[in-house]
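Chemist: The structure follows.
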Amino acid sequence: MLKGSFELIGDKSISHRAIMFSSISKGYNKISNFLMGQDCLSTIDCFRKMGVDIEIKDREVFVKGNGLYGLKKPDNILDVGNSGTTIRLISGILAGNNFDATLIGDESIAKRPMKRVTDPLRLMGCKIEGKDDANYTPIKIYGGNLKAIDYKMQVASAQVKSALILGSLYADGRCSIYEKVKSRNHTEIMLKSFGADIEVEDLTININPVKELFSQDINVAGDISSASFIIVGALISKGSEVVIKNVGLNETRTGIIDVVKAMNGNIEILNERVVSGELVGDLLVKYSPNLVGATIDKEIIPRLIDEIPVIAVLATQAEGTTIIKDAKELKVKESNRIKAMVDNLTLMGADIEELEDGMIINGKTKLSGANIQTFKDHRIAMSFSIAELISDGEVKLDDKECIGISFPGYFDLLNSLSK
Ligand code: S3P
C-alpha cells in the first residue's frame, strides 16, 4: 500500500516554457520548483548554446534573458535529447531569429513527426530543410522575416500550437491560430505574463507582435502527469491513502481526475490556489475497491494524453469494460504507447485489445509478473512500476534510467510511500 504525503516535483511542460520564455525576455528571471528532469535540462543546454546565461542552484534556475531578438547563432548543432517539447517549441523560436541552426535528438526523436510544425512554419515563409521533407531530424531552420498567418490546426497538439504562437511573436502582423480541440494552454498563460499580446477566445488564439518580452519570476506548479502514477498506485493498492501537495490543476490537464471520478475512484481536491497564473491544489487519494470501467474519448483525450498508459493499468483493476479511443497521437509519443501498453499488459495476464486509435480493457484481472519492454519511454516504465504494486511476482523493467526524463527521484519517492 502507499501511505504518506509529499510535495510534487515541477511540471515538465511549464519548466520547458519557463526556460524558453525567460531566455527571450529582457532582464533577470528566477524559476522556482523547476523540474530537473533530463528533458528540461536539454532545453537549458540548447539555450545556453544560443548565448543565454542560465545558472542552476538546487531547485531554482536563474536566467539572464537576451531579449526577443538577442539569441546568438549556436556554434554547434542543438541536441534536444529525448524531448519532443524542446524540438517543437524551439523550432518556433528559431524560425523567428535571424540565423540558421540545426536540431537533432536521440533515436526516439528521430522517429517523431516534425511536419506538423515545419509545414506551418514554412507557410510563414521560413526556410526549413530536413529528412523526408523536414518531417524528421536532423532539421535545419533558416530563421527570420516571418509573415503573419491564419492557421487551422491539423492535430490537437499543444506542442504545435506553442511553436506557432512563438513564431507569431516574430511575424510581420497579427496571427490567428485555430484549435480543433483545446490542448494545454501553459504557453498562452505564461507568455501573457511576459508581456506578449495574446487574446484567446474559445479555440482561437490571436497574437499581435510586440517589440520585447519582459522578465518574470515563475513558480512552477507540480506536474499532474507525474502525480498520475502515484494516484493510480494509491487507487489500486489496498489500504492506501496519499496526499500529493502542489499539484497543477489547469483544466486543460485534469482529464485524469475526471476519469478517476467517473471510474468510482476516491480522489479529493484540497486547498485550491493560483500560483504564477496556474491553478494548483493538493490531492487526497485513497484505495478504491469498487472501480468501474469508463469510456475515454473525444475532447477529453488531449486533457489526459500522457496519463493514458497508467490509466490502462487502472482499467485492469476496474470491473467491466474501459474503452480508450480517439487517441492515435499515442503512437507518435516517446514510443508507440498503444502497442507498448497492450503487449506488456497482455504479458501480465490482462484482458486488453489493441485498437487503431486506442485500446479496450476488460477488468478486473489479477496481474502476474513479467519482463517489460519499456522502449526507453519514461511513462511506460513508471506505468509498469505501478502495475507491480498489485501483481503476483516480479515486474522487471528493461530500462529504469529513462524515468529520469520526467521524474528524477521517482523510485526513492515510491519506496518512501510503500508500506
Ligand atoms: C506537451 C504536449 C503534449 C504532451 C507532451 C508535452 C507540451 O504533446 O504529450 O508530453 O509540453 O506542450 P502534444 O502537444 O504533441 O500532444
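Chemist: What's the total number of residues in region 31-48 that are more than 14 Å from the chain's Cα centre (by Cα) and among the charged types (D, E, K, R)?
Modeler: 2
Chemist: Which residue pairs have Cβ atoms closer than 7 Å, lie 6 or more positions apart in sequence or on different chains, and pair a first residue in region 90-115 that is not assigned by TED's automatic domain parsing to the domain that holds residue 165 with a second residue that is basic (Lys, Arg) and surrounded by fewer than 23 Cβ atoms within 10 Å (Cβ to Cβ)?
Modeler: As it stands, the answer is none, since no pair meets every condition given.
Chemist: Would you pick out the residues in region 288-308 that are under 28 Å from residue 402 (Cα atoms) and either away from the ligand (no atom under 16 Å from the Cβ) or touching a Leu at 6+ places or on another chain (Cβ under 8 Å) (or both)?
Modeler: Quick first cut of region 288-308, residues under 28 Å from residue 402 (Cα atoms) only: 296, 300-308.
Correct list: 296, 305, 308.
Chemist: Hey, among the residues in region 190-217 that are β-branched (Val, Ile, Thr) and either closer than 24 Å to residue 298 by Cα or outside the structural domain of residue 63 (by TED's automatic domain parsing) (or both), which one's nearest to the ligand (Cβ to nearest atom)? Outline the logic, then answer.
Modeler: If we filter region 190-217 for residues that are β-branched (Val, Ile, Thr), which is where we start, we get 198, 200, 204-205, 207, 210.
Imposing the further condition that a residue be either closer than 24 Å to residue 298 by Cα or outside the structural domain of residue 63 (by TED's automatic domain parsing) (or both) reduces the set to 200, 204-205.
Working: 200: 16, 204: 18, 205: 14 Å.
Among residues in region 190-217 that are β-branched (Val, Ile, Thr) and either closer than 24 Å to residue 298 by Cα or outside the structural domain of residue 63 (by TED's automatic domain parsing) (or both), the one nearest to the ligand (Cβ to nearest atom) is 205.
Chemist: Then there is this: Test residue 32 against the stated conditions and say whether it is within 25 Å of residue 161 (Cβ to Cβ) and polar (S, T, N, Q).
Modeler: Against the criterion (within 25 Å of residue 161 (Cβ to Cβ) and polar (S, T, N, Q)), residue 32 does not qualify.
Chemist: Kindly evaluate residue 94 against the criterion of being in a loop (DSSP other than H, G, I, E, B) and either of a type in the set (Lys, Arg) or surrounded by 23 or more Cβ atoms within 10 Å (Cβ to Cβ) (or both). I'd like the intermediate steps shown before the answer.
Modeler: Working: in a loop (DSSP other than H, G, I, E, B): no; either of a type in the set (Lys, Arg) or surrounded by 23 or more Cβ atoms within 10 Å (Cβ to Cβ) (or both): yes.
When the stated conditions are applied, residue 94 does not pass them.
Chemist: Based on this model, can you work out whether residue 104 counts as among the β-branched types (Val, Ile, Thr), more than 16 Å from the ligand (Cβ to nearest atom), in contact with a helix residue (DSSP H, G or I) (Cβ under 9 Å, 6 or more places away or on another chain) and under 29 Å from residue 171 (Cα atoms)? Steps first, please.
Modeler: Details: among the β-branched types (Val, Ile, Thr): yes; more than 16 Å from the ligand (Cβ to nearest atom): yes; in contact with a helix residue (DSSP H, G or I) (Cβ under 9 Å, 6 or more places away or on another chain): yes; under 29 Å from residue 171 (Cα atoms): yes.
Criteria met by residue 104.
Chemist: From the set of residues in region 217-271 that are surrounded by fewer than 24 Cβ atoms within 10 Å (Cβ to Cβ) and among the acidic types (Asp, Glu), which is nearest to residue 325 (Cα to Cα)?
Modeler: That would be 258.
Chemist: Give me a count of the residues in region 194-220 that are part of a loop (DSSP other than H, G, I, E, B), closer than 28 Å to residue 307 by Cβ and without any contact (Cβ under 8 Å) to a residue 40 or more places away in the chain. Before the answer, list the steps.
Modeler: Filtering region 194-220 down to residues part of a loop (DSSP other than H, G, I, E, B) leaves 194-196, 202-203, 209-213, 215-216, 220.
Okay, now just the ones that are also closer than 28 Å to residue 307 by Cβ, so 202-203, 220.
Then drop every residue that is not without any contact (Cβ under 8 Å) to a residue 40 or more places away in the chain, which leaves 202-203.
Number of matching residues: 2.
Chemist: Which of the residues spanning region 108-124 are surrounded by 16 or more Cβ atoms within 10 Å (Cβ to Cβ) and over 21 Å from the mean Cα position of the chain (by Cα)?
Modeler: 119, 120, 121, 124 - these are the residues of region 108-124 that are surrounded by 16 or more Cβ atoms within 10 Å (Cβ to Cβ) and over 21 Å from the mean Cα position of the chain (by Cα).
Chemist: Right, next: Among the residues that make up region 309-327, is at least one of them in a helix (DSSP H, G or I) and among the acidic types (Asp, Glu)?
Modeler: Residues of region 309-327 that are in a helix (DSSP H, G or I), as a first pass: 309-315.
When the remaining residues are screened for being among the acidic types (Asp, Glu), the result is none.
So far as region 309-327 goes, no, none of its residues is in a helix (DSSP H, G or I) and among the acidic types (Asp, Glu).
Chemist: Please work out if residue 191 is more than 19 Å from residue 6 (Cβ to Cβ) and either among the aromatic types (Phe, Trp, Tyr) or part of a helix (DSSP H, G or I) (or both).
Modeler: Values: more than 19 Å from residue 6 (Cβ to Cβ): yes; either among the aromatic types (Phe, Trp, Tyr) or part of a helix (DSSP H, G or I) (or both): yes.
Yes, satisfied.
Chemist: Pairs needed: first member in region 157-173, on the phi < 0 side of the Ramachandran plot; second member anywhere, more than 15 Å from the ligand (Cβ to nearest atom) and part of a helix (DSSP H, G or I); C-beta distance under 6 Å; at least 6 residues apart or different chains.
Modeler: Final answer for the pair search is 167/95; 167/96; 167/121; 170/96.
Chemist: Which residues, counting only those in region 221-239, are of a type outside the set (Phe, Trp, Tyr) and either over 16 Å from residue 282 (Cβ atoms) or free of Cβ contacts under 8 Å to residues at least 12 places away in the same chain (or both)? Can you show your working first?
Modeler: Restricting attention to region 221-239, the residues satisfying the condition of being of a type outside the set (Phe, Trp, Tyr) are 221-228, 230-239.
Once the filter is applied, which keeps residues that are of a type outside the set (Phe, Trp, Tyr) and either over 16 Å from residue 282 (Cβ atoms) or free of Cβ contacts under 8 Å to residues at least 12 places away in the same chain (or both), region 221-239 yields 225, 232, 233, 235, 236, 237, 238, 239.
Chemist: Pairs, please: C-beta under 7 Å, at least 6 apart or cross-chain, first residue at negative phi and touching a residue at least 24 places away in the same chain (Cβ under 8 Å) and in region 399-419, second polar (S, T, N, Q) and surrounded by 15 or more Cβ atoms within 10 Å (Cβ to Cβ)?
Modeler: 399/374; 402/374; 404/38; 405/38; 405/82; 406/226; 407/226; 414/385
Chemist: Out of region 294-337, which residues are small (Gly, Ala, Ser) and within 20 Å of residue 39 (Cβ to Cβ)? Spell out how you get there, then give the answer.
Modeler: Looking only at region 294-337, we keep the residues that are small (Gly, Ala, Ser), and these are 294, 312, 315, 318, 320, 327, 335.
If the condition is that a residue be small (Gly, Ala, Ser) and within 20 Å of residue 39 (Cβ to Cβ), then 335 is the only one that fits.
Chemist: Residues that are in contact with a helix residue (DSSP H, G or I) (Cβ under 8 Å, 6 or more places away or on another chain), polar (S, T, N, Q) and not assigned by TED's automatic domain parsing to the domain that holds residue 306, at least 2 per element: which strands (runs of 3 or more DSSP E) completely within region 222-295 meet that? Even if it seems obvious, please write down each step before you answer.
Modeler: Numbers: elements: 241-248, 266-275, 278-286.
Result: empty, no element qualifies.
Chemist: Another question, then. Looking only at region 324-377, filter to residues that are polar (S, T, N, Q) and away from the ligand (no atom under 16 Å from the Cβ); which one of those is nearest to residue 300 (Cα to Cα)? Quick ask: steps written out before the conclusion?
Modeler: The initial filter retains those residues of region 324-377 that are polar (S, T, N, Q), namely 335-336, 344, 346, 362, 365, 368, 371, 373-374.
From the residues that got through so far, the ones that are away from the ligand (no atom under 16 Å from the Cβ) too are 344, 346, 362, 365, 368, 371, 373-374.
Working: 344: 25, 346: 26, 362: 21, 365: 26, 368: 31, 371: 32, 373: 28, 374: 26 Å.
It comes out as 362.
The values are calculated or read from the model by the stated rules, or taken from the named source; none is laboratory data. On a predicted model such as this, the values are computed, not experimentally measured, just so you know. All Cβ positions, even for glycine, are placed from backbone atoms using ideal geometry, and neighbour counts span all protein chains on display.
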